[in-house]
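A.B. asks: Sharing a structure with you now.
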Amino acid sequence: MLLEADLLTLSCLDSIVVESAVDGGPVFRRLSEEKYKSEKTKDGNEFIVESRHGVVAADDGRCSKVGVVILRKGGHAVDAAVATTLCLGVVNPMSSGIGGGGFMIVRSLSTSQTEAFDSRETTPLAASQDMYAKNLTAKSIGALSISVPGEIAGLHEAWLKHGRLAWSKLFEPAIRLAKDGFLIAPYLANAIKVSEQKIMADPGLREVFAPKGKLLQAGDTCYNIELTHTLMAVANHGPQAFYNWSFGEKIVKDVRDAGGILTMEDMRNYRVEVMDAMAVDAMGYTILGMPPPSSATLGLSQDNRLAGVIGGSGGLSISPAVIQVFLNQFIIGMEPLAAVEHPRVYHQLIPNVVLYENWTIINGDHIELLEENKSFLRERGHELKGQANRAICQLVVQTLQTPIKKGRKIINGDHHEVFHGMLTAE
């Protein structure tokens, strides 16, 4: 998810970019989430950054840095969005990638228009109502679960409307990481471990994540040469290299050889939907977001000025995670870092169990729901189960030129009125 303030608000996938229209060019400090690649930022904390000109927050700090560099070069927030998203597809492939799709929200302060770019995957033309009747797991596992990918088309559509830098330049960081190798972060290492059976059964995945017959671990170097070739082709020739040329044909062949129904007609006919973003007034804010089926990426404004943006990754857990971060920051009044790190709970109709976070993050801090809160839930008949993190959230907050008072409670009773447009990213 990416965002630009004063010029544009933009949300996409798993990262946030904020750029302010300030004379003299943007000055940035880096937001990083990896100990081995971290820099100290606000108050010596490597997880949070402040700037009056622009910030980037992504699932992986290396991709945050990629977005910052693009903005420093004079790129638009959409340029940074493209580069950051492509980077995440290399270093966080379980959450993002060119084989999938995405959403993007773009808001222009000068026109107050908010666009929503829907580039989620679409169903192949050969799909039928009963295609999963004999095998329900095929809905999520295997070739029949593969739809028409939309990420490349969506990024390109947004870039055509708003981009400033050359399309090919936005691919260079991701290509470099895929070709020269990148260090496996703990988050990816855990995903690899959980997916061991799938990886070892698939020659392509095995080549990347278990190149010597053994799963890569945190701190190992990972190379993705096939992805490098694809990214280079799309960088040099645009989306047609992915949807129309030999790369598209290879994707279709691989899917069909595995039992899928994807065709070249599906690939060629893919179109990005551009529409008005959904806007809802609540609790003193205008909440901007994607229409369904998006998983609750939220942009918040007040009096037509950006107040904050929240998003994340984690599948079905995104919506409850984003909502709880919103409540923590904008209603309860927590500081940004506390709003994101505060233990969250996840509850769905099936299974009828309340999952609560119980895990140790990469800096060694342990996050777990307080015993008094667990007791409160048990007394009301809930069955509890502790789990590691279910969703990773990013948050950007802007302290506005006039203080926000309406609809907000502050924990210590002090409104901390700030009259500067400072951007804080976590």
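The values are calculated or read from the model by the stated rules, or taken from the named source; none is laboratory data. Not measured: the values here are computed from a predicted model. Here Cβ is always computed from backbone atoms with ideal geometry, including for glycine, and neighbour counts include all displayed protein chains.
A.B. asks: Could you tell me whether the range 65-88 includes any residue that is over 28 Å from Ala185 (Cα atoms) and not assigned by the TED database to the domain that holds Ile361?
C.D. replies: yes
Okay, residues lined up against (1) small (Gly, Ala, Ser); (2) part of a strand (DSSP E or B); (3) in the same structural domain as Asn92 (by the TED database):
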residue: Ala307; (1), (2), (3): yes, yes, no
residue: Ile318; (1), (2), (3): no, no, no
residue: Val322; (1), (2), (3): no, no, no
residue: Gln329; (1), (2), (3): no, no, no
residue: Val340; (1), (2), (3): no, no, no
residue: Pro343; (1), (2), (3): no, no, no
residue: Tyr346; (1), (2), (3): no, yes, no
residue: Pro351; (1), (2), (3): no, no, no
residue: Glu357; (1), (2), (3): no, yes, no
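A.B. asks: Can you find even one residue in the range 181-191 that is surrounded by fewer than 16 Cβ atoms within 10 Å (Cβ to Cβ), modelled with pLDDT of 95 or more, in the same structural domain as Asn92 (by the TED database) and out of contact with any Pro (no Cβ under 9 Å at 6 or more places or on another chain)?
C.D. replies: yes
A.B. asks: Continuing with this model, one more query. Somewhere in the range 178-191, is a residue part of a loop (DSSP other than H, G, I, E, B), of a type in the set (D, E, K, R) and at negative phi?
C.D. replies: No - not one qualifying residue is present in the range 178-191.
A.B. asks: Now for a different question. Of the numbered conditions (1) surrounded by 14 or more Cβ atoms within 10 Å (Cβ to Cβ); (2) closer than 18 Å to Glu426 by Cα, Thr360 satisfies every one except a single condition; which is it?
C.D. replies: (1)
A.B. asks: Moving on. Using the structure shown, decide if Val106 is aliphatic (A, V, I, L, M), in contact with a Leu (Cβ under 7 Å, 6 or more places away or on another chain), crowded, with 24+ Cβ neighbours inside 10 Å and over 24 Å from Ile251 (Cβ atoms).
C.D. replies: Yes; evaluated as a whole, the condition is true for this residue.
A.B. asks: Picking from Leu370, Leu384, Leu377, which residue would you name as being closer than 30 Å to Lys193 by Cα, modelled with pLDDT of 90 or more, in contact with a strand residue (DSSP E or B) (Cβ under 9 Å, 6 or more places away or on another chain) and among the aliphatic types (A, V, I, L, M)?
C.D. replies: That would be Leu384, the only listed residue that is closer than 30 Å to Lys193 by Cα, modelled with pLDDT of 90 or more, in contact with a strand residue (DSSP E or B) (Cβ under 9 Å, 6 or more places away or on another chain) and among the aliphatic types (A, V, I, L, M).
A.B. asks: Another question about this same structure. Determine whether the range 266-287 contains at least one residue that is of a type in the set (Phe, Trp, Tyr), within 22 Å of Leu86 (Cβ to Cβ) and in a helix (DSSP H, G or I).
C.D. replies: Checking the range 266-287: not a single residue is of a type in the set (Phe, Trp, Tyr), within 22 Å of Leu86 (Cβ to Cβ) and in a helix (DSSP H, G or I).
A.B. asks: Of everything in the range 257-282, what is surrounded by 14 or more Cβ atoms within 10 Å (Cβ to Cβ) and either outside the structural domain of Glu157 (by the TED database) or not polar (S, T, N, Q) (or both)? Give them in sequence order.
C.D. replies: Gly260, Ile261, Leu262, Met264, Asp266, Met267, Tyr270, Val272, Glu273, Val274, Ala277, Met278
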